[in-house]
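In what follows, a single structure is set out as structure tokens and then discussed.
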Amino acid sequence: MKIIKLPSGGKFYETPCGLFPSVTTILQATMPEDQRTRLRNWHKRNGSEAEKLRSLAAERGKVIHKLIEARFKGEDLECPPDVSDFWNEAKKILGAIGEVVASEKPVYHPQLQYAGTLDLLAHWQGILTLFDFKTSQREKRAQWLTDAKLQIAAYRTAYECLFGLSIPQGLIMVITPNTVQIFTLETEELEEYKLWWLNRLEQYQHLPLYGQLFSQVT
């Protein structure tokens, strides 16, 4: 599916059912006020370095995702020196992932009208699992990973709708220079985050700017 990026930073996917906003665009547009406050405070603390740090983190994440995707395709990409610590930690755990069903796969929901690209769908300890890979300079707490959990719930809902396949488990891997943290979401928690995701999606579709965003890409 073709991805259209807006000057504002939002993304839309051209799906067989029409033009749908991305999961990350929806989450950013419906960010709760307390989360926005924490983000503003982070920008204030880092001052002129904030945008540089954000860009470096985004680029690091892209590189690690490409390395992981290549690994599961049987390819061997050269790792840039500036992310070698992250990649060395990631490799220690990637070997424990079983049969891969889909990697970096675009998905969409024809009725709910959203789209995105899941990181990995594979077997983990014998259970079909939807993975989300994150990189971070420091370890994370579970309560800091709300958006990642919502992303997994959104991609799971879309994939199950498209392919009729039940996905009982989600897993977030936070890759740092020193370790890989693993956060597991079992079926009950995934269903809870699905409801939360549907609420955020409804909020997005009622935003005053919703129609304006579509006018930028049509």
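The values are calculated or read from the model by the stated rules, or taken from the named source; none is laboratory data. Computed from a predicted structure; not experimentally measured. Heads up, the Cβs are rebuilt from the backbone with ideal geometry, glycines too, and the neighbour counts pull from every protein chain shown.
Residues that are closer than 26 Å to residue 2 by Cβ and either β-branched (Val, Ile, Thr) or in contact with a Gly (Cβ under 8 Å, 6 or more places away or on another chain) (or both) within region 61-107 comprise 63, 64, 68, 100, 101, 106, 107, listed in sequence order. Confirm whether residue 152 is surrounded by 13 or more Cβ atoms within 10 Å (Cβ to Cβ), among the β-branched types (Val, Ile, Thr), at pLDDT 95 or above and under 30 Å from residue 6 (Cα atoms). Against the criterion (surrounded by 13 or more Cβ atoms within 10 Å (Cβ to Cβ), among the β-branched types (Val, Ile, Thr), at pLDDT 95 or above and under 30 Å from residue 6 (Cα atoms)), residue 152 qualifies. Scanning region 2-29 for residues that are of a type in the set (A, V, I, L, M, F, W, C), under 24 Å from residue 149 (Cα atoms) and not in a strand (DSSP E or B) yields a total of 4. The C-beta contact set for region 10-21 (first residue touching a residue at least 40 places away in the same chain (Cβ under 8 Å) and over 18 Å from residue 118 (Cβ atoms), second residue among the hydroxyl-bearing types (Ser, Thr, Tyr) and not in a strand (DSSP E or B), distance under 7 angstrom, 6+ apart or interchain) comprises 10/25; 19/218.
Conditions (1) in a strand (DSSP E or B); (2) free of Cβ contacts under 8 Å to residues at least 40 places away in the same chain; (3) in contact with an Asp or Glu (Cβ under 9 Å, 6 or more places away or on another chain); (4) among the small types (Gly, Ala, Ser), marked per residue:
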site	(1), (2), (3), (4)
104	yes, yes, yes, no
107	yes, no, no, no
112	no, no, no, no
118	yes, no, yes, no
129	yes, no, no, no
153	no, no, yes, yes
159	no, no, no, no
171	yes, no, yes, no
177	no, no, yes, no
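For residues that are within 17 Å of residue 17 (Cβ to Cβ) and among the β-branched types (Val, Ile, Thr), scanning just region 76-118, find the one that is surrounded by the fewest Cβ atoms within 10 Å (Cβ to Cβ). The extreme case among them is 117.
The residue list 106, 110 contains one member that is at pLDDT 95 or above and either among the aliphatic types (A, V, I, L, M) or closer than 18 Å to residue 150 by Cα (or both), which is 106. Residues that are in contact with a helix residue (DSSP H, G or I) (Cβ under 7 Å, 6 or more places away or on another chain), among the hydrophobic types (A, V, I, L, M, F, W, C) and outside any helix (DSSP H, G or I) within region 58-102 comprise 77, 79, 100, listed in sequence order.
Condition check: touching a residue at least 12 places away in the same chain (Cβ under 8 Å), over 30 Å from residue 56 (Cβ atoms) and crowded, with 19+ Cβ neighbours inside 10 Å. Does residue 165 satisfy that? Here the answer is no, as residue 165 does not meet what is asked. Quick one: in region 18-34, of everything that is of a type outside the set (A, V, I, L, M) and surrounded by 12 or more Cβ atoms within 10 Å (Cβ to Cβ), which residue is nearest to residue 200 (Cα to Cα)? Taking the candidates together, the pick is 30.
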